[in-house]
């Protein structure tokens, strides 16, 4: 991941957080409508401005992304806004907001929490899945079959 090396003054925690966010988007993708947008990429790039120490607007000028993804990364209204807010709520441990967003998105908040690893052993299990993926090891599969939450 060449972009991670670009922000050499940043700690590895920022890169790990970006990977964790990406993994969250990847695991959530089969459960929510997101059109042509890549939720892994959306969540991964949500910290790219901090990693590169550049304004998000400048970074996104150089990356070909769909309109919905760019809009949410720039803080503009987007159909992907609820996904982004759900990711932030889980990351910050705001379970009330996460439950409300999950309900609006027709997701069971417990299943979303379980999928992200927050239920059983907290952040450590989720990070383990991200670290395995980053090292190219065995993929950690979601706990439910794709299509969950669809009407």
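Modelled label positions at residue 12 and residue 76, each set 7 Å beyond Cα in the direction of Cβ, lie 3.8 nm from each other. At full extension, residue 65 and residue 53 could sit 2.3 nm farther apart than now, given 0.36 nm per residue minus the alpha carbon distance.
FYI, it's all coordinate maths here, none of it is from the lab. Everything numeric here is computed off the predicted structure, so don't read it as measured data. Glycine also receives a Cβ, built like all others from the backbone with ideal geometry; neighbour counts cover every protein chain displayed.
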